[in-house]
Amino acid sequence: MKVTVVGAGAVGASCAEYIAIKDFASEVVILDIKEGFAEGKAMDLMQTASLNGFDTKITGTTGDYSKTADSDIAVITSGIPRKPGMTREELIGINAGIVKDVSSNLIKHSPNVTIIVVSNPMDTMTYLVHKTTGLPKNRIIGMGGALDSARFKYRLAEALEAPISDVDGMVIGGHSDTGMLPLTRLATRNSVPVTEFLSENRLEQVKEDTKVGGATLTKLLGTSAWYAPGAAVSGLVQAIACDQKKMFPCSTLLDGEYGLSDICIGAPVILGKDGIEKIVEIELSDAEKAKLQESAEGVRKTNGLLEL
């Protein structure tokens with residue numbers, strides 16, 4: 001199992017680290033355009049191998065896509081990160097060109113690759129890969145919902161004053177501060193609906209804190225977060241690499257599901273060796289359906305800025 005991570009910044013390096021520590025891949029290749037940067041990150045990570053007990057080989061390369069040849073899975077984290085006050089949508093002009101170039105080079109050397117898109121605006125970048133590469137739709141996945149759901153569970157556990165292992169919940173919709181839809185109605189604490197423990201007002205606060213989860217960290221850190229995004233990506237990679245058949249909310253190309261077509265947006269999917277093996281349609285309330293449609297309109301507006 002060979003995994004390529006494009007972009008050796010904080011998110012890419014964290015992603016490579018978590019994949020290596022889980023020890024399911026034989027090789028992780030980190031690629032970056034900055035001279036020596038990926039090689040340095042790879043060497044630093046390899047020097048943790050004996051300490052962290054993994055045998056995954058990590059290599060770095062400066063712009064040489066031939067080193068990524070025959071990758072089973074590739075993760076695209078490259079692009080400029082958000083700055084404080086910047087929306088994910090404002091990144092589109094620069095990042096679209098980068099993602100298009102990266103995906104083309106990846107497929108040239110690994111025609112059977114499954115691509116996971118992390119670069120923002122993530123739903124639109126995932127749609128761009130669909131429109132420009134010709135890969136089957138099951139092999140193009142956007143990461144956002146897995147991260148947003150992790151942030152949702154963090155906020156739920158905080159509100160419940162419960163261990164996070166007790167909490168389950170999911171976020172669907174667009175990966176944006178206004179587009180994401182935390183499904184508080186379906187969230188549980190050890191199978192008991194959280195509505196049994198939390199007031200409507202407290203749940204609304206959880207929902208709003210989740211939606212601005214990325215912006216909150218960007219304001220605190222001065223740039224995008226990296227630990228949770230890296231962990232979210234590694235979870236998707238492992239589900240595919242190990243054929244786990246796990247359910248994650250991911251940005252996927254819809255073709256009638258949830259009443260939406262020709263759009264990439266967060267929905268629950270089953271991930272296995274073939275990438276997205278099934279899109280799961282859950283019964284939404286009328287209010288949730290309306291919110292999802294509103295989210296889709298926002299994603300379509302951003303997609304309209306692409307030069308396809």
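The values are calculated or read from the model by the stated rules, or taken from the named source; none is laboratory data. Keep in mind that this is a model prediction, so the values were computed, not measured. When we count neighbours, we look across all protein chains shown, and the Cβ atoms used for this are built from the backbone with ideal geometry, even at glycine. For accessibility, only protein heavy atoms count, side chains too; no ligands or nucleic acids. Shrake-Rupley method; radii C 1.70, N 1.55, O 1.52, S 1.80 Å.
List of remarks:
Residue-wise test of (1) open to solvent by less than 30 Å² (accessible area, probe 1.4 Å); (2) within 21 Å of Asn95 (Cβ to Cβ).
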residue: Met1; (1), (2): no, no
residue: Thr4; (1), (2): yes, yes
residue: Cys15; (1), (2): yes, yes
residue: Ile33; (1), (2): no, yes
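- For region 242-308, the strands (runs of 3 or more DSSP E) that sit wholly inside it and include 1 or more residues that are among the polar types (S, T, N, Q) are 246-255, 261-272.
- Note on region 7-60: residues that are polar (S, T, N, Q) and closer than 14 Å to Trp226 by Cβ total 1.
- Criterion applied to Ile98, Ile115, Ile107 was being of a type in the set (A, V, I, L, M, F, W, C), closer than 25 Å to Lys2 by Cα and out of contact with any helix residue (DSSP H, G or I) (no Cβ under 8 Å at 6 or more places or on another chain), and the one residue passing it is Ile98.
- Looking across region 138-178 at every residue that is assigned to a helix (DSSP H, G or I), within 24 Å of Met86 (Cβ to Cβ) and hydroxyl-bearing (Ser, Thr, Tyr), the one that is least open to solvent (accessible area, probe 1.4 Å) is identified as Ser149.
- Candidates are the residues of region 202-235 that are among the polar types (S, T, N, Q) and either assigned to a helix (DSSP H, G or I) or open to solvent by 50 Å² or more (accessible area, probe 1.4 Å) (or both); the one that is farthest from Met170 (Cα to Cα) is Thr218.
- Among all residues of region 123-134, there is none that is surrounded by 24 or more Cβ atoms within 10 Å (Cβ to Cβ), out of contact with any strand residue (DSSP E or B) (no Cβ under 9 Å at 6 or more places or on another chain), at negative phi and not hydroxyl-bearing (Ser, Thr, Tyr).
- Unmet criterion (only one of (1) of a type in the set (S, T, N, Q); (2) free of Cβ contacts under 8 Å to residues at least 40 places away in the same chain; (3) assigned to a helix (DSSP H, G or I); (4) open to solvent by 10 Å² or more (accessible area, probe 1.4 Å)) for Ser103: (4)
- The residue that is surrounded by the fewest Cβ atoms within 10 Å (Cβ to Cβ), among those in region 179-196 that are in contact with a helix residue (DSSP H, G or I) (Cβ under 6 Å, 6 or more places away or on another chain), on the phi < 0 side of the Ramachandran plot and not β-branched (Val, Ile, Thr), is Arg189.
- Among residues of region 197-220 that are among the polar types (S, T, N, Q), those with a Cβ under 9 angstrom from a residue that is open to solvent by 70 Å² or more (accessible area, probe 1.4 Å) and not in a helix (DSSP H, G or I), sequence gap 6+ or separate chain, pair up as Thr218/Lys83; Thr218/Pro84; Thr218/Gly85.
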